[in-house]
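The values are calculated or read from the model by the stated rules, or taken from the named source; none is laboratory data. All figures in this text were calculated on a predicted structure; none of them were measured in a lab. Cβ: placed from backbone, ideal geometry, glycine included. Neighbour counts: every protein chain shown. Surface areas here come from the heavy atoms of the whole protein model, side chains and all, with no ligands, DNA or RNA. Shrake-Rupley method; radii C 1.70, N 1.55, O 1.52, S 1.80 Å.
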Amino acid sequence: MIPFSPPRIDQRTIDEVTDTLQSGWITTGPKTKRFEQLLSDYNGNPNTVCLNSATAGMELGLRWFGVGPGDEVILPAYTYCSTANVVEHCGATPVLVDVGNDFNITLENIKARINSNTKVVMPVDIGGWPCDYDTINDLVRSDAVKSLFKATTPEQEQLGRMLVLSDAAHSLGAVYKGRNTGILADISVFSFHAVKNLTTAEGGALALNLPEPFDNAAIYKEMCVSSLHGQSKDALAKFRKGGWRYDVVEAGYKCNMTDIQAAIGLVELERYVRETLPRRRAIFDRYSEAFSAYPWAIVPTYENDHKCSSYHVYMLRIDGIEEAERDALIDEIYRREVAVNVHFQPLPLLSYYKNQGYQMADYPNAFRLYSSEISLPVYFNLSNEDQETVIQEVAAAVESVLTRKVT
Ligand SMILES: *Cc1c(COP(=O)(O)O)cnc(C)c1O
């Protein structure tokens, strides 16, 4: 079986983790701090907080802004559940909107749902393809939308408009108009889950990029406290001589990153631009070259004049296919020993969100895209030979399903 997305773990990763295990310091410490600094250097944002997941990062961001009951957060119907779950955790209302043909949230659909309860807009860079950030940032800064905004916390008062919190779980290293994903929104959140482009097994990071007069360094410190029980000192500071006494300044969360995770991340980041992105791009290019030859294939856009993907998910679509046929197609591909996936089941298809009253019929484009989509294997160690096998088997499976359809 050709797997979908195994992590790249080699001797360098093992050595770096071993070094941490032998160092006497395995939780949040020097490696996490170094990883945070290197992420900020890479993305060009002032401060980055490393955490145990992207989900924790998004929730910390919403909580920091004071999002709560009665507030609305606009996000695409086409995303992973975590983007909406964190809004639910805060007691606020996820306002789901339909997406465009590139799978991303559209400005028009955001505009249609923005109102005086809206506190945050959460674009999601699906598959690693950045959303149209300039238009979204301009919208929340426009006089008309600013005049709708009702600030109810000091942070909201200071920003004076809706927050743009990007779910950049897929898009570390993607570029929009010459800028990396960490500086496209007020806050961007990356995931380092095992299947993501850059992994720490589990993990995530929140990139702070708040405008003047916010003090990003001070907010970074606040968020470190919020992610560790609300404790005034982290474990390393307590560990130092005479450092036993600490205070708890809020009922904080427990979602810090450990140095074991950061050790994996440091190795991954060091070779990300040099090795990971070029390899993923080559795999994308080969898929597009091969599938473009078939009339039924709709290949994804992952580069244009002002955007460049992080090549996270290769989202192939089969023209004119319906949900049940796509499901049959996936079975057929699995039968041929290739692991594929669907990114994503739109939220209104999932029981919890369906039971909240969200209806799939209200998001026709999301449903249409989902019904015809299959995600193909992309990972560093996918050999050229295995990639050719994927192409052959997927093409043969599609042709057999399409033939069944005709007869
Ligand atoms: C993976 C993913 C997340 C969640 O990331 P975790 O690190 O597992 O919390 C959020 N949003 C999207 C779009 C994702 O794919």
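Here are the numbers for this structure:
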| quantity | calculated |
| --- | --- |
| Total residues in the range 99-113, condition of a type outside the set (Lys, Arg) and surrounded by fewer than 22 Cβ atoms within 10 Å (Cβ to Cβ) | 9 |
| Considering residues of the range 174-191 that are more than 15 Å from the ligand (Cβ to nearest atom) and not basic (Lys, Arg) only, the residue most open to solvent (accessible area, probe 1.4 Å) | Gly178 |
| Selection from the range 258-304 of residues that are of a type in the set (D, E, K, R), within 21 Å of the chain's Cα centre (by Cα) and under 24 Å from Ala201 (Cβ atoms) | Glu268, Glu270, Arg271, Glu275, Arg279, Arg280 |
| Counted residues, the range 291-320 - those being buried (at least 18 other Cβ atoms within 10 Å of the Cβ), in contact with a Phe, Trp or Tyr (Cβ under 8 Å, 6 or more places away or on another chain) and under 16 Å from Glu399 (Cα atoms) | 3 |
| Any hit, the range 256-275, residues being surrounded by 14 or more Cβ atoms within 10 Å (Cβ to Cβ) and within 30 Å of Gly100 (Cα to Cα) | yes |
| Selection within the range 120-148 - farther than 19 Å from Arg179 by Cβ and among the polar types (S, T, N, Q) | Ser142, Ser147 |
| Members of the range 63-83 found to be surrounded by 24 or more Cβ atoms within 10 Å (Cβ to Cβ) and outside any loop (DSSP other than H, G, I, E, B), listed by number | Val73, Ile74, Leu75, Pro76, Thr83 |
| Residue within the range 150-162 that is part of a loop (DSSP other than H, G, I, E, B), open to solvent by less than 20 Å² (accessible area, probe 1.4 Å) and within 16 Å of the ligand (Cβ to nearest atom) present | no |
| Criterion (in contact with a strand residue (DSSP E or B) (Cβ under 7 Å, 6 or more places away or on another chain), buried (at least 21 other Cβ atoms within 10 Å of the Cβ), modelled with pLDDT of 95 or more and of a type in the set (Asp, Glu)) met by exactly one of Glu393, Glu373 | Glu373 |
| Single residue of the range 10-56 satisfying the filter (in contact (Cβ under 8 Å) with a residue 12 or more places away in the chain, surrounded by fewer than 19 Cβ atoms within 10 Å (Cβ to Cβ) and outside any helix (DSSP H, G or I)) that is farthest from the chain's Cα centre (by Cα) | Trp25 |
| Selection from the range 192-222 of residues that are open to solvent by less than 10 Å² (accessible area, probe 1.4 Å) and within 16 Å of the ligand (Cβ to nearest atom) | Phe192, Leu198, Thr199, Thr200, Gly203, Gly204, Ala205, Leu206, Ala207 |
